[in-house]
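Undergrad: Dropping a structure here in structure tokens format, bear with me for questions.
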Amino acid sequence: MSSSEEQRRARLERLRGEVVGADLEVPLLGGGSRRYVNLDNAASTPTFRSVMAKVEEFLRLYSNVHRGTGFKSQIASWIYDEARARVARFVGANLVDKAVIFTKNTTESINKLARIFPFGPGAVVLTSMMEHHSNELPWRRHADVVHVGLRPDGSLDQGDYAKKLAELRGRVELVAVTGASNVSGWVNPVHELARQAHAAGAKIMIDAAQLAPHRPIDMRPPDDPGHLDFIAFSAHKMYAPFGVGVLVGDRAALRDAEPDMVGGGMVDIVTIETAYFSDLPEREEAGTPNIVGVVALAAAIGLMEQIGWDVIQAHEERLVRYALERLAQIPGLTVYGQPKEYDLGNRLGVLSFNMAGLHHALVAAILSYEGGIGVRSGCFCAHPYMLCLLNVDAREAARVQREILGRDRSHVPGAVRASVGLYNDASDIDALVGCLATIAAGQQRGQYEMHPETGTYAPVGQEPPPFARYFGLDAS
Ligand SMILES: Cc1ncc(COP(=O)(O)O)c(C=O)c1O
């Protein structure tokens, strides 16, 4: 191992102690407390002290951007541009061909693209059955949506992809697929999908919300057949939870689109009769942007780059291998998405599972109340995918749908999801597996009841935690 690699690994190890909130003690059922174990990183990651420090440092210089003449406005504008250039480099985008547009999250980025993409009449968006709702619902408003099917292990059926591209040739204007699933952790071969999309005359958009924190992204130059035309991701999933999202897009495709929103910051000149809009990216960033959030994202990217993808990926793969091995020892536990082959290059540290005979929401509640472990349960905003993974047939799906519409969520199908970030280590997996073993042995301490309206479980007769003791909104 080179000394630089050693240093970078040491930097990664130190990060654990730098997680903001790493020392948070949470109450446990029956008394006592423990340090919170955060295995909910696929939803949102915490941030690091060094990212916070950058934000504070920037706040001394903070000012609005958009050509103010004061020193603070000038420097804030320069920092904002530097951050944009850093984001472009992070995803291998050349700012000549691509525009980096800041939004508030992946959902907004995809909605924006859906609104400004120059769809023709009868256009088809080819997406897949493994998408987050944010990469499904926006397209329905603007095009016909066709879904690529799945293989039995929950991965994308590439044969079906090629078949649908061929069948719909001339109509598929955009392929919109996830870079990695937020349910099974499957990583898609985005450049191969892109190559085929381009050969069929379509562009491709990758939902990189899960991919960006865990794998390098290279959009590649436009003359590369496997290049990515558009990507979207969220800073809050990559250690910068300050409300920024990113849409990186092909300038040529979006240049002439009617701007999504109009107002300040995106016009060259306005008269009473006319308005001349600026070029991208400003054209798509109406109003004052989230400058602080952008600085935080750039700082988090800087931190990830310091450590390097080789070190991050090797660490996360070790952790996933360890987690899969340990989870396999829990009786009655099923992990969704290729758990046995340990093909870790194709799998993120997103582990969705169920325990035989136990409601997913009950398992998640016990992990929280008795283990101090943060996971998530349910369908993870990917209802169609979850129904496939769980083999829920159409009749059962219709029955549950009726119940949900009648405000009863007690039979919602789903799973428990544990997801790792680069700061997690084996002790977090041990905490998870230890608590799951207790549950499997039927030795949990509490009695729990389901609240049908929310579909969640809570300990019987237990008051909600005293949240106000942890936080009040008044500044001191
Ligand atoms: C794959 C995927 N796409 C899109 C989203 C939406 O991200 P956001 O809530 O930041 O808009 C998520 C969030 O979990 C996701 O996992």
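No lab work stands behind these numbers, since they all come straight from the coordinates. Worth saying up front: this structure is predicted, and the values here are computed from it rather than measured. Here the Cβ is made from the backbone with ideal geometry for all residues, glycine too, and neighbour counts use every protein chain on show.
Undergrad: Can you compute the FRET efficiency between A394 and S33 using 1/(1 + (r/R0)^6), with r the Cβ-Cβ distance and R0 = 35 Å? Round to the nearest 0.05.
TA: 0.15
Undergrad: Go ahead and run the numbers for FRET between D97 and V460, Cβ-Cβ distance against an R0 of 41 Å, rounding to 0.05.
TA: Computed FRET efficiency for D97 and V460 comes out at 0.10.
Undergrad: Another one. Taking the Cα centre of each part, how many Å lie between region 426-476 and region 306-368?
TA: After rounding, the separation between the Cα centres reads 20 Å.
Undergrad: What distance in nm lies between label points placed 7 Å from Cα along the C-beta direction at Y470 and E305?
TA: Going from the Y470 label point to the E305 one covers 3.5 nm.
Undergrad: What residues have an amide H closer than 5 Å to that of A93, excluding those fewer than 5 places away on the same chain, when H is modeled at 1.01 Å from N in the peptide plane?
TA: M219
Undergrad: What's the angle, to the nearest 10 degrees (0 to 90), between helix 106-116's Cα axis and the longest principal axis of the chain?
TA: 40 degrees
Undergrad: Quick one: which residues, 5 or more positions from G243 or on another chain, have an amide H under 5 Å from its amide H? H modelled 1.01 Å from N in the peptide plane, none for Pro or chain starts.
TA: The answer is H236.
Undergrad: Express in nm, to one decimal, how much length is gained between S44 and D279 on full extension, taking 0.36 nm for each residue of separation and deducting their alpha carbon distance.
TA: Full extension of this stretch gives 81.4 nm more.
Undergrad: Compute the acute angle (0 to 90°) between the alpha-carbon long axis of helix 158-167 and the principal axis of greatest extent of the alpha-carbon atoms of the chain; round to the nearest 10°.
TA: Between the helix axis and the principal axis of the chain, the angle is about 40 degrees.
Undergrad: According to a simple spin-label model (label point 7 Å from Cα along Cα-to-Cβ), what is the distance in nm between D408 and A10?
TA: Roughly 6.1 nm, to one decimal.
Undergrad: Give the separation of the Cα centroids, region 3-75 to region 80-129, in Å.
TA: Taking the Cα centre of each part, region 3-75 and region 80-129 sit 26 Å apart.
Undergrad: Let me ask something else. Label points 7 Å out from Cα along the Cβ direction at L137 and R321: separation in nm?
TA: The answer from the label model is 4.0 nm.
Undergrad: Could you tell me which residue out of G249, Y369, I79 lies farthest along the dipole of the chain toward its positive end? Charges go on the beta carbon: Lys and Arg +1, Asp and Glu -1, centred on the Cα centre.
TA: Of the listed residues, the answer is Y369.
Undergrad: Of the lysine pairs in the chain, how many meet both conditions: Cα atoms under 25 Å apart, and a spacing of 8 or more in sequence or different chains?
TA: For the chain, qualifying lysine pairs total 14.
Undergrad: If you don't mind, another one. Do the sum for the chain: with -39,500 (n - 2.57) for every DSSP H run of n ≥ 4, divided by all residues, what is the mean residue ellipticity at 222 nm, to the nearest 500 deg cm²/dmol?
TA: After summing the helix terms and dividing by residue count, I get -11000 deg cm²/dmol.
Undergrad: To the nearest 0.05, how large is the calculated FRET efficiency for E258 and Q443 if R₀ is 51 Å and r is the Cβ-Cβ distance?
TA: 0.25
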